[in-house]
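Note sheet for the following structure.
The values are calculated or read from the model by the stated rules, or taken from the named source; none is laboratory data. Source: prediction; values computed, not measured. Cβ coordinates were reconstructed from backbone atoms using ideal geometry, including for glycine residues, and neighbour counts include every protein chain displayed.
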Amino acid sequence: MANAKMTVAELEAFLHREFPQAFSAGHIMIESADGTSSLLRQPYSEQMLRPGGTISGPTLMALADFAMYVALLSAIGPIGLALTTNLTINFLRRGQPGQDIVAAARLLKIGKRLAFSEVHLLSGTSPDPIAIASATYSIPNT
């Protein structure tokens, strides 16, 4: 895949402007994006927890989707209307309370109209994923 078409600073500015409902609150940080992958961090907060004290599925799904969106934008540029057409997630183990969630997304293939990606979600510093997601994105005509 090609080099990044947007830097982290450009991605952040674009997302603050075009997608503030998901990005402006400062709950997600883009640590890297290089045109083939992205690394995002969501600092721990009690709002992430579900009953029983584990990280909720909706928290993990939203972060996975957002990480894949950032990876795709870094590859194709500021095309805000790229959208998820499919998202599958497998929950592997319990996310630990008190730990940040890290999402490591990787683009597998970018075609003219569709892009395929996967993301590993990690809790704290553990190398073992707590969930693995895969997604397909639709890329609009530009």
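Restricting ALA75, ALA82, ALA9, ALA115 to residues that are without any contact (Cβ under 8 Å) to a residue 12 or more places away in the chain, over 20 Å from ALA131 (Cα atoms) and either hydrophobic (A, V, I, L, M, F, W, C) or in contact with a Pro (Cβ under 6 Å, 6 or more places away or on another chain) (or both) narrows the list to ALA9. For the range 8-59, filtered to residues that are of a type in the set (A, V, I, L, M) and loosely packed, with under 13 Cβ neighbours inside 10 Å, the residue that is farthest from SER117 (Cα to Cα) is ALA25.
Just to check your reading of the model, which residue among LEU39, LEU63 is under 18 Å from GLY124 (Cβ atoms) and outside any helix (DSSP H, G or I)?
Checking each option against the conditions leaves just LEU39.
For the range 120-142, residues that are surrounded by 19 or more Cβ atoms within 10 Å (Cβ to Cβ) and free of Cβ contacts under 8 Å to residues at least 24 places away in the same chain total 2. Of the candidates PRO43, PRO58, the single residue that is touching a His at 6+ places or on another chain (Cβ under 8 Å) and either on the phi > 0 side of the Ramachandran plot or modelled with pLDDT under 95 (or both) is PRO43. Step by step: first the residues of the range 101-134, then only those that are of a type in the set (Val, Ile, Thr) and assigned to a strand (DSSP E or B), then the one that is farthest from ALA62 (Cα to Cα). Which residue is that? Within the range 101-134, the match that is farthest from ALA62 (Cα to Cα) is ILE110. Only one of the numbered conditions (1) loosely packed, with under 15 Cβ neighbours inside 10 Å; (2) not in a loop (DSSP other than H, G, I, E, B) is not met by GLY98, and that is (2). I'd like the residue in the range 66-85 that is in a loop (DSSP other than H, G, I, E, B) and touching a helix residue (DSSP H, G or I) at 6+ places or on another chain (Cβ under 8 Å) and, out of all such residues, is modelled with the lowest pLDDT. For the range 66-85, the residue satisfying everything is GLY80. For the range 20-58, filtering for residues that are hydroxyl-bearing (Ser, Thr, Tyr) and either within 17 Å of ALA4 (Cβ to Cβ) or without any contact (Cβ under 8 Å) to a residue 12 or more places away in the chain (or both) leaves 6.
Just to be sure, is ALA105 modelled with pLDDT of 95 or more, touching a strand residue (DSSP E or B) at 6+ places or on another chain (Cβ under 6 Å) and over 12 Å from SER138 (Cα atoms)? Break it down into steps so the answer makes sense when it comes.
Values: modelled with pLDDT of 95 or more: yes; touching a strand residue (DSSP E or B) at 6+ places or on another chain (Cβ under 6 Å): yes; over 12 Å from SER138 (Cα atoms): yes.
Taking the combined requirement at face value, the residue satisfies it.
Residue check: LEU121 meets all listed conditions (1) within 13 Å of the chain's Cα centre (by Cα); (2) of a type outside the set (D, E, K, R); (3) farther than 21 Å from MET29 by Cα but one, namely (3). Take TYR44 and decide whether it is under 29 Å from ARG17 (Cα atoms), over 13 Å from the mean Cα position of the chain (by Cα), among the aromatic types (Phe, Trp, Tyr) and not in a strand (DSSP E or B). Yes, satisfied.
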